[in-house]
1. With the crude spin-label approximation of a point 7 Å out along Cα→Cβ, what separation in nm comes out for Ala8 versus Ala30?
2. When the Karplus curve 6.51 cos²θ - 1.76 cosθ + 1.60 is applied with θ = phi - 60°, which whole-Hz ³J(HN,Hα) does each residue of the stretch 9-16 get, with x for Gly and Pro?
Amino acid sequence: MKKAVGRATGDRSLEAEGRADQAKGDAKRAGAKVKDPFKP
């Protein structure tokens with residue numbers, strides 16, 4: 001959401017923050033997928 005708003009308003013800082021949030025979420029989901037097969 002931040003990325004889209006930043007892009008629409010021309011706010012590069014907000015767009016970069018949105019990209020960072022997205023990357024963080026992607027990494028978290030990837031970690032969860034790795035852990036799931038090892039659950040008893």
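1. 2.9
2. 9, x, 8, 5, 5, 5, 5, 5
We did not get these values from a lab; they are worked out from the coordinates using the rules stated. Model, not experiment: these values are computed from the prediction. Reconstructed Cβ throughout: ideal geometry from the backbone, glycine too, with neighbour counts over all protein chains shown.
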